[in-house]
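K.L.:
The structure's right below; bear with me while I get my questions together.
The numbers here are math on the coordinates, done by the rules we state, and not lab data. Please read all numbers here as calculations on a predicted model, not as lab measurements. In this analysis, Cβ positions are derived from the backbone assuming ideal geometry, glycine residues included, and neighbour counts consider all displayed protein chains.
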Amino acid sequence: MKDRLKNVMDRIKKSAIKCRRDPETIRLVAVSKTVPAQRVKEAIDAGVTILGENYVQETRDKFNALSSCRVSWHFIGHLQSNKAKYAVRLFDLIHSVDSVKLAREIDKQSKKVDKIQNILIQVNVADESTKSGASIQNTLNLIKEISNFKNLAVKGLMTMPPFFNAPEKVRPFFKDLRKLRDQFRKEAVQNVVMDELSMGMTGDFEVAIEEGATLVRIGTALFGERN
């Protein structure tokens, strides 16, 4: 695990330097979905500080098992409104908010526990019918509506582009998300900051970094192929 983590961190650093970015501005989200708690503990011991999970129930079990570990939990999957009350108790950042309905429920549940929940807006940059996320055209209006919720803090954008074996084919989608982020910064919507771009996985994170990613979600390169 230490060797795998070092390899990934070295690749992140190399990619950052290549495009004249500070490597410290890019954080690794270790995607630990379906990985047993003991193996996740090995990753934490090796130096992982952020875990990315897709399923609330699975996370609850790991969260309890790893309660003594100093680690940040991020939700990166599709969140159902009826799971929001659990999500706000578990996660420091929710990457996948894509509707006012979901935002309203997260806000409601956050208020109950006196929390300001950090979120990212998920954008479906390729407009794929099989994926969640707001369309590029609707994202600004969505952000403006969500900005009115008192217990939410929009920190940036997230995307899951189409899968290609060639990372260069994914670059245009990462570029589109960065352009969208830059556009929203000019809009200067109240209660919204556009600091984070969550994009890039094991097969394409170097290209994502070149296009501005601040959070890269990497599972396979750390934990191996999943069953």
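K.L.:
When a/c reaches 1.5 or more, the comparison of a/b and b/c decides; with that in mind, is region 1-67 rounded, prolate or oblate per its Cα gyration tensor?
P.N.:
Numbers: a/c = 3.06, a/b = 2.10, b/c = 1.46.
Prolate, since a/c reaches 1.5 and a/b exceeds b/c.
K.L.:
Using the number of other C-beta atoms within 10 angstrom as an exposure proxy, rank Cys19, Cys69 with the fewest first.
P.N.:
Working: Cys19 11, Cys69 17.
Ascending Cβ contact count within 10 Å gives the list Cys19, Cys69.
K.L.:
Pull out the extension gain between Arg11 and Ser67, defined as 0.36 nm times the separation in residues minus the alpha carbon to alpha carbon distance; nm, one decimal. Working shown, then result.
P.N.:
Values: separation 56, 0.36 × 56 = 20.16 nm, distance 2.99 nm.
Gain on stretching Arg11 to Ser67: 17.2 nm.
K.L.:
Can you put His95, His78 in order of Cβ neighbours within 10 angstrom, beginning with the fewest?
P.N.:
Values: His95 28, His78 15.
If I rank by nearby Cβ atoms, fewest first, I get His78, His95.
K.L.:
May I pose another question? Pop out the Kirkwood hydrodynamic radius of region 2-223 from its pairwise C-alpha distances, inverse of mean 1/r, in Å to one decimal.
P.N.:
Details: mean 1/r = 0.0568 Å⁻¹.
After inverting the pairwise mean of 1/r, the radius is 17.6 Å.
K.L.:
Which value, in debye to the nearest 20, describes the size of the charge dipole of region 56-120 about its Cα centre when Lys and Arg Cβ atoms bear +1, Asp and Glu Cβ atoms bear -1, and nothing else is charged?
P.N.:
Magnitude of the dipole: close to 220 debye.
K.L.:
Okay, moving on. Might you report the magnitude of the Cβ-based charge dipole of region 2-223 about its Cα centre, with Lys and Arg at +1 and Asp and Glu at -1, to the nearest 20 debye? Provide the component values of the computation, followed by the final result.
P.N.:
Numbers: 38 positive and 27 negative charges, 74 e Å.
The calculation lands at about 360 debye.
K.L.:
Just from its helices, what would the mean residue ellipticity at 222 nm be for the chain, if runs of 4 or more DSSP H residues each count -39500 (n - 2.57) and the sum is divided by every residue, rounded to the nearest 500 deg cm²/dmol? Present the calculation step by step, with values, prior to reporting the outcome.
P.N.:
Numbers: 9 runs with 95 residues, N = 227.
So the calculated ellipticity at 222 nm is -12500 deg cm²/dmol.
K.L.:
Next up: Let me know the number of lysine pairs in region 75-152 closer than 14 Å at the Cα, not counting same-chain pairs under 8 apart.
P.N.:
Final tally of qualifying lysine pairs is 12.
K.L.:
Would you work out which of Ala208, Val100, Ala221 lies farthest towards the positive end of the dipole of the chain? Charges go on Cβ: Lys and Arg +1, Asp and Glu -1.
P.N.:
Val100
K.L.:
Now, a different point. Once whole DSSP H runs in the chain are found, which of them have Cα atoms spread over 15 Å or more along the helix axis and a mean Kyte-Doolittle score of at least 0.0? Walk me through the numbers on the way to the answer.
P.N.:
Values: long enough: 2-18 (24 Å, -1.12); 100-112 (18 Å, -1.32); 136-146 (16 Å, 0.23); 171-187 (24 Å, -1.72).
Helices meeting the criterion: 136-146.
K.L.:
Still on this model: Non-local amide H neighbours of Glu196 (under 5 Å, H modeled in plane, Pro and chain starts lacking H): which ones?
P.N.:
Residues meeting the criterion, in which the H sits 1.01 Å from N, are Gly156, Leu157.
K.L.:
Could you put Met194, Met1 in order, starting from the residue whose Cβ has the fewest other Cβ atoms within 10 Å? Numbers along the way, then the final one.
P.N.:
Details: Met194 22, Met1 17.
Final ranking by Cβ density, sparse to dense: Met1, Met194.
K.L.:
How big is the charge dipole of region 107-227 about its Cα centre, in debye rounded to the nearest 20, if each Lys and Arg gets +1 on its Cβ and each Asp and Glu gets -1 on its Cβ?
P.N.:
480
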